[in-house]
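K.L.:
Sharing a structure, written as structure tokens. Questions coming.
The values are calculated or read from the model by the stated rules, or taken from the named source; none is laboratory data. Just so you know, these numbers come straight off a predicted model, no measurement behind them. Counting neighbours? That spans all protein chains shown, and the Cβs are built from the backbone with ideal geometry, glycine included. These accessible areas exclude ligands, DNA and RNA; they are computed on the full protein's heavy atoms, side chains included. Shrake-Rupley method; radii C 1.70, N 1.55, O 1.52, S 1.80 Å.
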Amino acid sequence: MSDLVLYLLVFGTLGGAFAGAAILVWFERRLLGIWQDRLGPNRVGPLGIGLALADIIKLFAKEDWVPPFADRFVFIFAPTAIVMAMLLGFTVVPYTSELHIADLNIALLFFLGMTSLAVYSVLLGGLASNNKYALLGGLRSAAQMVSYEVFMGLSLMGVVMLSGSFSLVDIVNAQAERGWFVISQFFGFVVFLIAGIAESHRLPFDLPEAEHELVAGFHTEYSGMKFGMFMLGEYLGLILISSMITTLFFGGWLGPGFLPPIFWFFFKTFILICFFILLRAGIPRPRYDQLMSFGWKVMLPLTLINLLVTGAVELWL
Amino acid sequence: MLEIGLFYVAATISLISTVLAVTRYNAAHALIYLIISLLASAIIFYVVGAPFAAVLEVLIYAGAIMVLFVFVIMMLNLGSAGDDLEHHWLQPSMWIVPSLFCFVLLIEIIIVLSTGDNMLAGTVVTPKQVGIKLFGPYVIAVEIASMLLLAGLIGAYHLGRRYLSDVREPSAENETND
């Protein structure tokens, strides 16, 4: 791959991720509206798509205020961490067998590392705000993310066993031979999906910012574009998790030959994003202790049994 | 050449942030510098040809253990009182003996580096090689580590269990009294 294509790909990914996140703000509200039997935002521009632009202008134009009681250094650093970590996570996503920014032999671990670094944003934001609701939100997110990270990593080890590599390109190529891993690794897929929602702390697992009990959780004190960065990070996380599920379990760019491979990648990712929004529309928020005990008492045993059975099948069959 | 440049930049960042992590009075600031130091050492690992160790450094140390450190700081939530205490503890005279030891180590490193070979000429170690080594010659070390973790797990379970039964007993008595 020539340098020019690589640079185009890097800037395309950057621009595409930002634009995707901005459009998702509108798209999610529109879809939620349809599923909840109302119209949703439909006034600005065709189908209301101008709302994405209006939201961006609003966020940039709002007063950017640092509370005098906050820890200034950490308060400003916190929102940048989530966006940086999520954007770095995009570097290992393979769009097609040829079109990818970096095909590392540790790509899967790199992705897990970047999602685990994104936790700091929420944690430090909650700590630096010096506000009891923000602190509680940060505490919850720390416990939630550290717990769900364990199953998130373990659920992928079945995929690694079947494909024999941490490289995402190799994993998709293995799916060309052995069928999509969503069939052979169904429990791994379910656990990864649930852990993915918990990691990007989206509804129904948005306990760190549960507005019915914690005002707005960790971002209570944030305003303007700093708040916008948290939102941007959340939507980038949603896109990243969807594209990772596509790559790991739904065969990435594989698909019938009448359309180019890159179409299939984006089509599957799009369907998964819609599915995540449907989950938000359809499922109520669990209580916090229910979330934690569900994780440790259901998800962890399920993951371990899945790992054991996969290992046994690989070894003896 | 690029690798040597990357190595020295990462090493400098690592050194500076480690020193800052030690000297900060505010625990949250110290932790941020410590995390940066760990990330810098991950880049050093990557540059010297150990990508697997580099990612584990990010995943385990920066991504999990440091999160627990921040968690504890949040639970305690000392605020500015902690800073004052730390300020009180960290007198300049505290630095004399550690600095002396560090100076001796520095001299040793300079001697080693001036006689040793070029460290950056190493080969790349893939995850597969690490796995084969871990579950081949070093399998006993892995087993001992897993036993240690199991002991920790059982200990934590035991502590949590006793606490729960203490809480539940009075309410059970109340029910029978009623």
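K.L.:
What does the charge count near A:Val169 come to, summing +1 for each Lys or Arg and -1 for each Asp or Glu among other residues with Cβ under 12 Å from its Cβ?
P.N.:
Values: positive: none; negative: A:Glu98, A:Asp103, A:Asp170.
Taking every other residue near A:Val169 into account, the sum is -3.
K.L.:
Specify which residue in the list A:Leu302, A:Phe186, A:Ile271 is farthest towards the positive end of the charge dipole of chain A, using unit charges on the beta carbon of Lys, Arg (+1) and Asp, Glu (-1), about the Cα centre.
P.N.:
A:Ile271
K.L.:
Within the set of other residues whose C-beta is less than 13 Å from the C-beta of A:Leu47, count the net charge using Lys and Arg as +1 and Asp and Glu as -1.
P.N.:
Details: positive: A:Arg29, A:Arg30, A:Arg43; negative: none.
Once all neighbours under 13 Å are counted, the net charge is +3.
K.L.:
Here's another thing I want to ask about it. I need the phi-derived Karplus couplings for the range A:304-317: 6.51 cos²θ - 1.76 cosθ + 1.60, θ = phi - 60°, integer Hz, Gly and Pro marked x.
P.N.:
Per residue, the Karplus-derived 3J(HN,Hα) values read 5, 5, 4, 5, 5, 5, 4, x, 5, 5, 5, 7, 10, 9 Hz.
K.L.:
Another one. Show me, for the range B:32-42, the HN-Hα J-couplings you get by feeding each phi into the Karplus relation (A = 6.51, B = -1.76, C = 1.60, θ = phi - 60°), rounded to Hz, glycine and proline as x.
P.N.:
4, 5, 5, 5, 4, 4, 5, 5, 5, 5, 4
K.L.:
A further question follows. Rounded to the nearest 10 Å², what accessible area does A:Trp35 have for a 1.4 Å probe in the complete protein model?
P.N.:
110 Å²
K.L.:
Once every DSSP H run of n ≥ 4 in chain A is given -39500 (n - 2.57) and the sum is divided by its residues, what mean residue ellipticity at 222 nm do you get, rounded to the nearest 500 deg cm²/dmol? Present the calculation step by step, with values, prior to reporting the outcome.
P.N.:
Numbers: 13 runs with 217 residues, N = 317.
Helix-only estimate at 222 nm: -23000 deg cm²/dmol.
K.L.:
Could you state how much accessible area A:Ile183 has, in square angstrom rounded to the nearest 10, with a 1.4 Å probe and all protein chains kept in place?
P.N.:
Accessible surface of A:Ile183 is approximately 140 Å².
K.L.:
Suppose accessible area is computed on protein heavy atoms with a 1.4 Å probe; arrange A:Phe263, A:Phe166 from highest to lowest. Intermediate values should be presented prior to the final figure.
P.N.:
On the way: A:Phe263 80, A:Phe166 35 Å².
Highest to lowest solvent-accessible surface, that is A:Phe263, A:Phe166.
K.L.:
Same structure, new question: Report, in degrees rounded to the nearest 10, the 0 to 90 angle that the Cα long axis of helix A:107-117 makes with the longest principal axis of chain A.
P.N.:
Orientation of helix A:107-117: about 20 degrees from the principal axis.
K.L.:
Binning every alpha carbon pair distance of the range B:16-143 at 10 Å from zero, what are the percents per bin?
P.N.:
P(r) over the range B:16-143, rounded to whole percents: 11, 25, 32, 24, 9, 0.
K.L.:
Determine the shape class of the protein assembly as shown: with a ≥ b ≥ c the square roots of the Cα gyration tensor eigenvalues, call it rounded for a/c under 1.5, and otherwise prolate if a/b is greater than b/c, oblate otherwise. Show your work: numbers first, answer last.
P.N.:
Working: a/c = 1.25, a/b = 1.10, b/c = 1.14.
In terms of gyration-tensor shape, rounded.
K.L.:
Net charge near A:Gly113: determine it from the other residues with C-beta under 11 Å of the C-beta of A:Gly113, scoring Lys and Arg +1 and Asp and Glu -1.
P.N.:
Working: positive: none; negative: A:Glu149, B:Glu57.
Surrounding charge for A:Gly113 is -2.
K.L.:
Distance from the Cα centre of the range A:7-23 to that of the range B:21-62, in angstrom?
P.N.:
Spelled out, the Cα-based centre of one part sits 28 Å from the other.
K.L.:
Top mean-square fluctuation among A:Pro204, A:Pro46, A:Pro284, Gaussian network model of chain A, C-alpha springs under 10 Å?
P.N.:
With Cα springs under 10 Å in chain A, the top fluctuation among A:Pro204, A:Pro46, A:Pro284 is at A:Pro46.
K.L.:
Continuing with the same structure: Picking from A:Phe186, A:Phe258, A:Phe267, which is most flexible by a Gaussian network model of chain A using Cα springs under 10 Å?
P.N.:
For chain A, modelled as a Gaussian network with Cα springs under 10 Å, the answer is A:Phe258.
K.L.:
Residue by residue through the range A:288-299, which ³J(HN,Hα) values in whole Hz follow from phi under the Karplus form 6.51 cos²θ - 1.76 cosθ + 1.60 (θ = phi - 60°), with glycine and proline marked x?
P.N.:
Running phi through 6.51 cos²θ - 1.76 cosθ + 1.60 with θ = phi - 60° gives 5, 5, 5, 4, 5, 6, 4, x, 7, 9, 10, 5 Hz.
K.L.:
Can I ask one more? Roughly how big is the protein assembly as shown's charge dipole about its Cα centre, with Cβ charges of +1 (Lys, Arg) and -1 (Asp, Glu), in debye to the nearest 20? Don't skip to the answer; put the middle values down first.
P.N.:
Values: 23 positive and 34 negative charges, 172 e Å.
For the protein assembly as shown, the charge dipole is close to 820 debye.
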